[in-house]
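Novice: I'd like to ask you about the structure that follows.
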Amino acid sequence: MGYKYLIPQMSPMMWFPLFIMFSMTMILFNQMMFFSFKTNKIKLNEKKMTNQNKNNWKW
């Protein structure tokens with residue numbers, strides 16, 4: 001019966017820095033994941049050539 005008073009509880013003002021810390025960690029992790037992969041860039045000239053070759057009908 002007296003044990004419920006021994007459990008420390010966080011005040012609402014202590015939750016805000018915790019929320020900020022987790023939010024900044026999530027943003028940092030997402031930026032690291034975004035910039036860690038290289039995308040294959042398609043050159044415009046190659047893309048135009050493939051479109052022209054597809055539309056050449058032989059009849």
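The values are calculated or read from the model by the stated rules, or taken from the named source; none is laboratory data. A quick note: this is a predicted structure, and the numbers were derived from the prediction, not measured. Cβ coordinates were reconstructed from backbone atoms using ideal geometry, including for glycine residues, and neighbour counts include every protein chain displayed.
Novice: Give just the number: which of (1) at pLDDT below 70; (2) aliphatic (A, V, I, L, M); (3) within 35 Å of the chain's Cα centre (by Cα) does Leu6 not satisfy?
Specialist: Against the list (1) at pLDDT below 70; (2) aliphatic (A, V, I, L, M); (3) within 35 Å of the chain's Cα centre (by Cα), Leu6 comes up short only on (3).
Novice: Right, something else. Being of a type in the set (Gly, Ala, Ser), at pLDDT 70 or above and surrounded by 10 or more Cβ atoms within 10 Å (Cβ to Cβ), is that true of even one residue in region 32-55?
Specialist: The answer is no; no qualifying residue exists.
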